[in-house]
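What follows is a short report on a single structure.
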Amino acid sequence: MTQDLVRMENITKFYGRVQALDNVTFNVKEKEIVGLLGDNGAGKSTLIKVLSGAVPSSSGSIHIRGKKVDINSTTDAIANGIETIYQDSALVTQLSIARNLFLGREPVTGPGILNRMDHAKMNQVAGDLLRRVGITKNIPTTTPISALSGGERQAVAIARAMYFDSDLIILDEPTNNLGVAETRGVLNFVRNARDRGHSCIFIAHNIHHVFQVVDRIVVMRQGTIVADDIDPKKTSVEEVELVITGMSDEELAAATV
Amino acid sequence: MEQQSLARRLIAKPEFGPFVLLLVEIVVFTSINPNFLSPLNISNTLVFTVELGLIALAMTLLMTAGEFDLSVGAVFGFSPVVMWTLFNQGILPLELAFVAALLLAAFIGFISGLFVTRLKIPSFLVTLGMLLVVRGTALFVTDGFPQRTWNAGDQWLATVLVGDLNVGPFRLYMSLFWFILVAVIFWYILSQTKFGNWIQASGGNPGAASARGVNVGRTKLILFMLCSAMAALAGIISSIRTSAANPNSGTGYELEVIAMVVIGGTALMGGRGTIIGTVLGVFILRVMRNGIVLIGVPGLAYNIFIGAIILGMMALHYGLERRHQAGT
């Protein structure tokens, strides 16, 4: 099997006295899409926040390609090749596609003191990226994000992660509030990213979306990982649902009555 | 077809509404009183316009980054007092007193910026407090009396800042040149540079911007310092021109400046800013002030018109913004 890209070891997280993560060990391999599932409060968001630098863990360590790293901020995570894409928060809606793609790393041209952005390069690369991520519609790269649909916004965020060589792209509920066609588009973007060598963690409430795209499913319940090697090709949605809720068929039937 | 879409794109620009309004003002005032477009009146209008305009230009950048500064009027009054006191007391030559006043103003902006970016206090509260501190200091050090400035006439600095020259029938001041220069530079910064992209991102979505490595705090801090320094420059220019450094001058300017900026199409909450719009906004308010007096409306009615303009323009800008958000 391929080597671990990211390995989180014995991660524990307390919010005050509430334990959100209990000694969790979690890994993502190279070129792998991992589906992270779990009910509300299972700890998947906290796990992702620790990995993306949004919250510090109480104990435990993170390794990238076998080397221990310190991730204390979102900037640290990005510097280590970990990019997190939240539903809407990752883009500046007033700015154009090209300006968002290069935000923070704008290429400049001409004498340094003029600090002039290389608009031509930005627009050209942005156009290429949109095609690479799988957008077929011809959208000018000067379009502000506010004029894009939810799916197109996800595409821009994924394209940005791909361009800046993020090894691991974390997608938190990327298909929320999206229509059928848009969802299919986003799932395609994720597959394209994997085929180009990026690993992904895919979090979604809709298990069917997860099944369509991931290589491996990890299930969390009450702050621990209860299953970490479910093959979506050999397992049914219903079986995974059981693992998520932790109930037998009879218990589930009793609970839903 | 092409033609139509071009026209439509022009209309959708945030600067279009203010541009039309300015044209309407000029046409209406001129048709009622042809003197409105006389060289003398244009010259007079320009003089004071550009002094407030300098502050409005800097405020545009600050507001695009999502903050604003209510202390600019106080700094406008305070900085000339500092400069002329240092000079009149023989503590510093005029050039150094000028630099010292600008640095002190930048420092005031720096403190406001620290409160906003480090302590996360809204800029409304921070700069309101700063307004009182600065104005209070100006009144305290002067006992409320204006400072002498009349020995400024033979200083080269005064000539460079506000020296007048006659271009044909127009009497223009150097301050107009500075206004144009600053407008061009700020337009360039906001729309063409990496820093400009950071300014817009800091106002539009600070969380996303800092996740991308944009130093949002430092960006805002620089703009607070810039805004305050520009208010100082405007105040000093005004003090030389009127030969008086009055500790009370500039009272209420902060609101007029913010009105100029938002009328031009810059968003109050940040993320979207336009220097061209601000230049138009500056002229809309100053032309209105000059025009209604010229056509015989009592000057006291000025605020009614200004208020109506603000309301009308906001309705327009927010309507455009909503259409923009809807992607049409």
_Residue, nearest to the other protein chains (Cβ to nearest Cβ), within the range A:72-83, restricted to residues that are under 18 Å from A:Glu173 (Cβ atoms) and modelled with pLDDT of 85 or more_ = A:Glu83
_Of the criteria (1) buried (at least 18 other Cβ atoms within 10 Å of the Cβ); (2) among the aliphatic types (A, V, I, L, M); (3) free of Cβ contacts under 8 Å to residues at least 60 places away in the same chain, which one A:Val226 fails_ = (1)
_Looking only at residues that are touching a Ser or Thr at 6+ places or on another chain (Cβ under 8 Å) and closer than 30 Å to A:Glu30 by Cβ in the range A:84-94, which one is nearest to the other protein chains (Cβ to nearest Cβ)?_
A:Ala90
*Is the range B:276-298 home to any residue that is among the basic types (Lys, Arg), out of contact with any strand residue (DSSP E or B) (no Cβ under 6 Å at 6 or more places or on another chain) and within 14 Å of chain A (Cβ to nearest Cβ)?*
no
*Which listed residue is over 30 Å from A:Glu152 (Cβ atoms) and assigned to a loop (DSSP other than H, G, I, E, B), from A:Ala90, A:Ala42, A:Ala20*: A:Ala42
*Out of curiosity, is A:Glu152 surrounded by 19 or more Cβ atoms within 10 Å (Cβ to Cβ) and farther than 24 Å from A:Asn192 by Cα?*
no
*So is B:Ala229 in contact with a Phe, Trp or Tyr (Cβ under 9 Å, 6 or more places away or on another chain), more than 13 Å from chain A (Cβ to nearest Cβ) and modelled with pLDDT of 95 or more or not?*
no
_Members of the range B:118-142 found to be closer than 17 Å to B:Gly250 by Cα and of a type in the set (D, E, K, R), listed by number_ = B:Arg135
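Per-residue answers, yes or no, for (1) within 13 Å of chain B (Cβ to nearest Cβ); (2) touching a strand residue (DSSP E or B) at 6+ places or on another chain (Cβ under 9 Å); (3) surrounded by fewer than 18 Cβ atoms within 10 Å (Cβ to Cβ):
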| residue | (1), (2), (3) |
| --- | --- |
| A:Ser96 | yes, yes, no |
| A:Glu106 | yes, yes, no |
| A:Gly110 | yes, yes, yes |
| A:Val133 | no, no, no |
| A:Thr143 | yes, yes, yes |
*Filter result (among the β-branched types (Val, Ile, Thr), in contact (Cβ under 8 Å) with a residue 60 or more places away in the chain and farther than 27 Å from B:Arg218 by Cα) within the range B:70-125*: B:Val81, B:Thr85
*Which of (1) within 14 Å of chain A (Cβ to nearest Cβ); (2) closer than 24 Å to B:Phe115 by Cβ; (3) not hydrophobic (A, V, I, L, M, F, W, C) is the odd one out, the single condition B:Arg212 does not satisfy?*
(2)
_So, in the range B:184-229, how many residues would count as being among the small types (Gly, Ala, Ser) and surrounded by fewer than 21 Cβ atoms within 10 Å (Cβ to Cβ)?_
5
_For the range A:146-157, give me each residue that is within 9 Å of another protein chain (Cβ to nearest Cβ) and modelled with pLDDT of 85 or more._
A:Ser146, A:Ala147, A:Leu148
*Identify all residues within the range A:115-131 that are under 25 Å from the mean Cα position of the chain (by Cα) and surrounded by fewer than 17 Cβ atoms within 10 Å (Cβ to Cβ); write none if there are none.*
A:Asp128, A:Arg131
*Given the conditions (1) in a helix (DSSP H, G or I); (2) touching a helix residue (DSSP H, G or I) at 6+ places or on another chain (Cβ under 8 Å), and given that B:Pro14 satisfies all but one, which numbered condition is not satisfied?*
(1)
*Members of the range B:168-207 that are without any contact (Cβ under 8 Å) to a residue 12 or more places away in the chain, within 14 Å of chain A (Cβ to nearest Cβ) and under 16 Å from the mean Cα position of the chain (by Cα)*: B:Val184, B:Ile185
*May I ask you to list the residues in the range A:52-84 that are among the hydrophobic types (A, V, I, L, M, F, W, C), surrounded by fewer than 24 Cβ atoms within 10 Å (Cβ to Cβ) and either touching an Asp or Glu at 6+ places or on another chain (Cβ under 7 Å) or not in a loop (DSSP other than H, G, I, E, B) (or both)?*
A:Ile62, A:Ile64, A:Val69, A:Ile78, A:Ala79
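The values are calculated or read from the model by the stated rules, or taken from the named source; none is laboratory data. This structure is a prediction, so every number in the text was calculated from the model and none was measured. Counting neighbours? That spans all protein chains shown, and the Cβs are built from the backbone with ideal geometry, glycine included.
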